[in-house]
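Chemist: Structure provided below as structure tokens; questions to follow.
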Amino acid sequence: MPSRTPSWTTLVPIGAVVVLGIAWGRTLSPLVVAGVTVFLAGAVLSAVHHAEVVAHRVGEPFGSLVLAVAVTVIEVALIVTLMIAGAAAAETLARDTVFAAVIITSNGIVGLSIVAGTRRGSVVSFNAEGTGGALATVATLSTLCLVVPNFTTSSPGPVFSPAQLAFAAVTALALYGLFVALQTGRHRDYFLPVSLEGDVIDDDEHATPPSTREALTSLGLLLLALVAVVGNAKLVSPTIERAVAAAGLPVSVVGVIIAMLILLPETIAAVRAARQGRMQISLNLAFGSAMASIGLTIPTIAIASIWLPVPLHLGLDPTHIVLLALTCVVGVLTVVPGRATLLQAGVHLAVLAAYLFLAISP
């Protein structure tokens, strides 16, 4: 039997991890940074491919959870590592990363997905019940973990007391767990694609799924690719930091750029699903990623804070509270009808643009 030549989706994640191992801890020249960036982009595309293979095997909505949770777990590991190392502005790193994920997913991924979906027709449709529940969970977690710390009085500043942090962490994890249980169990139909008439479309029932071996191989390569994405993003971050500093921009811009790099796999997967007429899958990825970022990050950081050398600032500043409130209001108005047009996409992208502009010019 002739041997099968490994595809680029197999070779690139392995190569990206090898590059990560060689370059980690070294001072990189501009040429090496360019090479790392190429592998970073390849790892992103590879991650999207393998996520789709796994999603096809396990079916929806399980498939949408795979990429969101995998990216979030590795993102949490990166945050904890940077905080332990005492990175610049480490006390606000978790807050800034989580908030960036919420805004980018709830506005950027949603807006781009609607734009991609409306190329097939003037309107995209989705299940308002499932998506509304996801949005409500994101809004509750965001407010509880990122807004309430500004108004508590047990500890000065935007900081939870140990008891309050423990309560927020347990509540976030419990609420996320409840949502996942309902999404994959009793209310699974609420998170499947729907037609313009509102009928559920379970495409996985009519397509031949990959074998278990292929799915497990893709799962392993997906995790490898995500490690490469986060690790290589960390490698290029010093170059980004120097460029940001040279341009006279706030340090928080670095976090936004890194967050956008880490969320690239989910963004590409969501836009691709929307182009295929599976808008519900795009929204599952968007709000599921935002939810996982809070529901998994905050409990992990709460435990890690016992050993972290810096205080944990979770409360948002007033400008970001306004943007979060606007995101929730716009999200509700988009989700409730169960249908969206290019206008809703424009509104979401305008909110994202405002966030990015104010990150550059606070």
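We did not get these values from a lab; they are worked out from the coordinates using the rules stated. Source: prediction; values computed, not measured. Note: ideal-geometry Cβ built from the backbone for every residue, glycine included; neighbour counts use all protein chains shown.
Chemist: Roughly how many whole Å is it from the C-alpha centroid of the range 20-38 to that of the range 305-337?
Modeler: 34 Å
Chemist: Among P362, A302, G331, flag the residue with its Cα farthest along the positive direction of the charge dipole of the chain, charges on Cβ as +1 for Lys/Arg and -1 for Asp/Glu.
Modeler: P362
Chemist: Under a 10 Å cutoff between Cα atoms, tell me which one of A172, A286, A243 has the largest fluctuation in the Gaussian network model of the chain.
Modeler: Comparing A172, A286, A243 in a Gaussian network model of the chain, the most mobile one is A243.
Chemist: Turning to a different aspect of this structure: How would you rank H56, H187, H50, going from fewest to most other Cβ atoms within 10 Å of each one's own Cβ? Kindly include the intermediate steps, with their values, before the conclusion.
Modeler: On the way: H56 19, H187 16, H50 27.
The most exposed by this proxy come first: H187, H56, H50.
Chemist: Output the Kirkwood hydrodynamic radius of the range 217-292, Cα pairs only, in Å rounded to one decimal.
Modeler: About 14.1 Å for the range 217-292.
Chemist: Using Cα pairs under 8 angstrom and six or more residues apart, how large is the relative contact order of the chain, in percent?
Modeler: Values: 517 pairs, mean separation 137.4, N = 362.
Answer for the chain is 38 percent.
Chemist: So which residue, out of P30, P149, P311, gets the largest mean-square fluctuation from a GNM of the chain using Cα contacts under 10 Å as springs?
Modeler: Judging by the Gaussian network model, the answer is P30.
Chemist: Looking at [x] 56, 51, 36; [y] 135, 74, 36; [z] 74, 45, 43, which value of Cα extents along the principal axes in Å comes from a calculation on the structure shown?
Modeler: Label [x] holds the value from this structure.
Chemist: A further question follows. Among the complete DSSP H segments of the chain, which ones combine at least 18 Å of alpha-carbon extent along their axis with a mean Kyte-Doolittle hydropathy of 0.0 or more?
Modeler: On the way: long enough: 8-23 (21 Å, 2.02); 30-58 (42 Å, 1.42); 62-84 (33 Å, 2.52); 128-142 (20 Å, 0.76); 162-184 (33 Å, 1.47); 212-246 (50 Å, 1.11); 279-304 (37 Å, 1.40); 318-335 (25 Å, 2.09); 342-360 (27 Å, 2.06).
Going by DSSP H runs, the hits are 8-23, 30-58, 62-84, 128-142, 162-184, 212-246, 279-304, 318-335, 342-360.
Chemist: Please compute the modelled spin-label separation between A181 and V123, points set 7 Å along Cα→Cβ, answer in nm with one decimal.
Modeler: With each label placed 7 Å out from Cα toward Cβ, I get 3.7 nm.
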